[in-house]
Amino acid sequence: MKDTALSHIHKQLGAKMVPFAGYNMPVSYEGVTIEHLTVRDNLGVFDVSHMGEFLITGPKSLDLIQKVTSNDAAKLIDGQAQYSCFPNDQGGIVDDLIVYRLNEEKWILVVNASNIEKDWNWIESHNTMGAEMKNLSEDYSLLAIQGPKAVEAMQSLTSVDLNNIKFYTFRVADFAGIEHVIISATGYTGSGGFEIYCKNSEVEQVWNKVMEAGNDFGIKPIGLAARDTLRLEMGYCLYGNDIDDTTSPIEAGLGWITKFTKDFINSEYLLKEKERGSSRRLVGFELLERGIPRKGYDILDANGNSIGVVTSGTMAPSLEKGIGMGYVSSDQKGVGNQIFIAIRKNLVPATIVKLPFYKG
């Protein structure tokens, strides 16, 4: 198991460490509910340095990105970011990612930790146009500073106006005494804030100054367990749960990042699927009685027929009820439709709802 540059600090803080995507990662410090509500109400900081970063450069960089990703990166201008996915050639998804445009010949792709090698090999195998690729994953750290107090608490650490960094934009600027840091408003919690990309050798200084600056705003370190409950309350997909090599972006509700204004890997197949409709769809649901839905639980209709399976579920700390996402047959996907979740021997009633669960 690899350590991040901050693993020793997490251990000093009493974090419960678990193996995740080849790294020792902090899953919790004080407890999931406390950490979750800290981010919703105040301010929390996550070490997500296990994520992967690929630098794509040169005159053919955009051509490569357009070929391997589903969204239209040509629409980006310098300082903008975009959520996207890598479609595979079987109708599924290699991974989801964020594309950052530094300039027209310099891009960063941020991918999931568990898929770094897979994604790199996939992109490289389709790099027939000669774009330059560099894997920065081992050299860079990533902190997610999340919560409604992020702007106010962190403003003293940078010369740029954090209010001007809107959702899915970023700046390369000074931060916490370090030059040329990426400050990005691309968090995955739904509570605002920033993600900070810096070198491994710089991240301990950044962490310490972030904790110091956030001290008067109730900042706390947050583990991966609360990151999962926060993203689920927003209805954000988690690779390996809600999307994978067998799920198409269309059935996963990711048609909005699947742009048929350009050609990309398997675009013809996905366009046909969009036109004819998918046989199943990813939906969000709330339990009507006590219970916690978990990945792999069966979803049934009123007659007891199996119509799908839960892909993510939890007791939502902000809502104090069981919520989940799962795939159901398309004729059952309507908002307001009542379904049942098989939790052990009980069939617990639930209602399909419009995402996100948490409205802020």
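Among the residues of region 317-343, those that are touching a residue at least 40 places away in the same chain (Cβ under 8 Å), assigned to a strand (DSSP E or B), within 30 Å of residue 147 (Cβ to Cβ) and of a type outside the set (Gly, Ala, Ser) comprise 323, 325. The helices (runs of 4 or more DSSP H) found entirely in region 1-77 that carry 1 or more residues being touching a Phe, Trp or Tyr at 6+ places or on another chain (Cβ under 7 Å) and closer than 27 Å to residue 134 by Cβ are 61-68.
Against the numbered list (1) in contact with a helix residue (DSSP H, G or I) (Cβ under 7 Å, 6 or more places away or on another chain); (2) touching a residue at least 40 places away in the same chain (Cβ under 8 Å); (3) surrounded by 15 or more Cβ atoms within 10 Å (Cβ to Cβ), residue 228 comes up short only at (1). Of all residues in region 36-55, none satisfies being over 15 Å from residue 222 (Cα atoms), polar (S, T, N, Q) and surrounded by fewer than 23 Cβ atoms within 10 Å (Cβ to Cβ). Tell me, yes or no, whether region 144-158 has at least one residue that is within 21 Å of residue 73 (Cβ to Cβ), surrounded by 15 or more Cβ atoms within 10 Å (Cβ to Cβ) and either at pLDDT 95 or above or under 18 Å from the mean Cα position of the chain (by Cα) (or both). No. Scan 240, 193, 255 and give me the residue that is at pLDDT 95 or above and closer than 22 Å to residue 41 by Cα. Result of the check over 240, 193, 255: 193. Regarding region 260-272, can at least one residue be identified that is within 17 Å of residue 295 (Cβ to Cβ) and either assigned to a helix (DSSP H, G or I) or hydrophobic (A, V, I, L, M, F, W, C) (or both)? Among the residues of region 260-272, not one is within 17 Å of residue 295 (Cβ to Cβ) and either assigned to a helix (DSSP H, G or I) or hydrophobic (A, V, I, L, M, F, W, C) (or both), which makes the answer no. Inspect all residues belonging to region 120-130 and state whether any of them is small (Gly, Ala, Ser), surrounded by 14 or more Cβ atoms within 10 Å (Cβ to Cβ) and closer than 27 Å to residue 63 by Cβ. No. Scanning region 211-221 for any residue that is of a type outside the set (Phe, Trp, Tyr) and either under 20 Å from residue 84 (Cα atoms) or in contact with a Phe, Trp or Tyr (Cβ under 6 Å, 6 or more places away or on another chain) (or both) turns up at least one such residue.
Considering only region 267-287, state which residues are among the aliphatic types (A, V, I, L, M) and within 17 Å of residue 312 (Cα to Cα).
Filtering region 267-287 down to residues among the aliphatic types (A, V, I, L, M) leaves 270-271, 282-283, 287.
Correct list: 282, 283, 287.
Scanning region 293-313 for residues that are of a type in the set (S, T, N, Q) and surrounded by 21 or more Cβ atoms within 10 Å (Cβ to Cβ) returns 311, 312.
Of everything in region 260-292 that is among the aromatic types (Phe, Trp, Tyr) and farther than 18 Å from residue 233 by Cβ, the residue that is surrounded by the most Cβ atoms within 10 Å (Cβ to Cβ) is 264. Taken over region 320-360, the criterion of being of a type in the set (Phe, Trp, Tyr) and either farther than 14 Å from residue 287 by Cβ or surrounded by fewer than 19 Cβ atoms within 10 Å (Cβ to Cβ) (or both) is satisfied by 327, 358.
Applying the selection to region 1-29, what residues are free of Cβ contacts under 8 Å to residues at least 60 places away in the same chain and within 15 Å of residue 48 (Cβ to Cβ)?
Matches in region 1-29: 2, 3, 7, 17, 24.
The requirement of being in contact with a helix residue (DSSP H, G or I) (Cβ under 8 Å, 6 or more places away or on another chain) and assigned to a strand (DSSP E or B) is satisfied by residue 83.
Rundown of residues vs (1) assigned to a strand (DSSP E or B); (2) over 24 Å from residue 360 (Cβ atoms), yes/no style:
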residue	(1), (2)
295	no, yes
299	yes, yes
310	yes, yes
315	yes, no
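Residues to consider are 269, 327; find the one that is closer than 19 Å to residue 96 by Cβ and more than 25 Å from the chain's Cα centre (by Cα).
Sole residue among the options that is closer than 19 Å to residue 96 by Cβ and more than 25 Å from the chain's Cα centre (by Cα): 269.
The values are calculated or read from the model by the stated rules, or taken from the named source; none is laboratory data. Predicted model only: the values in this text are computed from it and were never measured. Note that each Cβ is placed from the backbone with ideal geometry, even for glycine, and that neighbours are counted across all protein chains shown.
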